[in-house]
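Report on the structure given below.
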Amino acid sequence: MILTQISTDGQLMADTLGVMDSGQQSIGLLDLLIKGGYMMIPLYLLFVLAIFIFVEKLITLRKASKSPKHLMDQIKILVQGGKIDQAKMLCHGDNTPVANMISKGLERIGSPLKNIEVSIENVGKIEIYKLEKNLGILATVAGAAPMIGFLGTVAGMIRAFIGVAQEEGMVSPKLLSTGIYEAMITTAAGLVVGIVAYLGYNYLVSQVSKLVHSMEYTSVEFIDLLQDK
């Protein structure tokens, strides 16, 4: 009797495991993204926008962050030799924020140092604005993407429970669990987009800060050169 019961229980467990294995399906990443619903569309757009802004600003900062040391050495030699026009041409050919600031200072040579310093600062403000352009959009993406993901999850959960409420009789656990995991896909996607945008924003801000420090140092060095001249 006991052996018969054990055999029956073992067979029941094997049948249960067999059903679970046959019902288990591997879901790919693309399938998950598709099942996220219509709220995934703005997340796709925000992700593309974040990548575009990051790459564009990265290229801009790489071009702008050329080391000004070699340029300043040449400028010193030319200014001390009285070759102001050649120094201006050198700055125009470099076309970096530092070179633009020095070029404006060279154009004001002959004016009081205070006026030259103000002119350089004004150009520096314009260059800094160009460097920081669109960084605010990247910060907005970092904050908005998770909220859109949470909104998509709430909307998906509402739809799932409405579907459960409309079912007659016993509610299938598969129906409920499928609705819930599909709803939570938007939260995961929103967090991924937000994290990527947040990391990209902070990296770009650190690079801009380094470049601004270099611009300030070079402007002080140029003013010191004019004082010694």
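Scanning region 204-229 for residues that are without any contact (Cβ under 8 Å) to a residue 12 or more places away in the chain and either buried (at least 20 other Cβ atoms within 10 Å of the Cβ) or of a type in the set (S, T, Y) (or both) returns S206, S209, Y217.
When G82 is tested against (1) part of a loop (DSSP other than H, G, I, E, B); (2) under 14 Å from the mean Cα position of the chain (by Cα), exactly one condition is not met: (2).
Taken as a whole, the structure places F54 among residues that are open to solvent by less than 70 Å² (accessible area, probe 1.4 Å) and either among the hydrophobic types (A, V, I, L, M, F, W, C) or modelled with pLDDT of 80 or more (or both).
I need the full set of residues from region 79-114 which are touching a Phe, Trp or Tyr at 6+ places or on another chain (Cβ under 6 Å) and either at pLDDT below 80 or open to solvent by 50 Å² or more (accessible area, probe 1.4 Å) (or both), in order please.
Answer for region 79-114, where residues must be touching a Phe, Trp or Tyr at 6+ places or on another chain (Cβ under 6 Å) and either at pLDDT below 80 or open to solvent by 50 Å² or more (accessible area, probe 1.4 Å) (or both): there is none.
Yes/no matrix, rows are residues, columns are (1) out of contact with any Leu (no Cβ under 9 Å at 6 or more places or on another chain); (2) part of a helix (DSSP H, G or I):
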{"site": "Y38", "(1), (2)": "yes, no"}
{"site": "A50", "(1), (2)": "no, yes"}
{"site": "D73", "(1), (2)": "yes, yes"}
{"site": "I126", "(1), (2)": "yes, yes"}
{"site": "A142", "(1), (2)": "no, yes"}
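Each residue in region 118-142 was checked for being under 18 Å from K57 (Cβ atoms), surrounded by fewer than 19 Cβ atoms within 10 Å (Cβ to Cβ) and among the small types (G, A, S), and 2 of them qualify.
So which residues in region 97-124 are part of a helix (DSSP H, G or I) and among the aliphatic types (A, V, I, L, M)? The answer is V98, A99, M101, I102, L106, L113, I116, V118, I120, V123.
The values are calculated or read from the model by the stated rules, or taken from the named source; none is laboratory data. The shown structure was predicted, so the numbers you read here are calculated from the model rather than taken from an experiment. Backbone-built Cβ (ideal geometry, glycine too); neighbour counts: all protein chains shown. Ligands, DNA and RNA are excluded from the accessible area calculation, which covers all protein heavy atoms including side chains. Shrake-Rupley method; radii C 1.70, N 1.55, O 1.52, S 1.80 Å.
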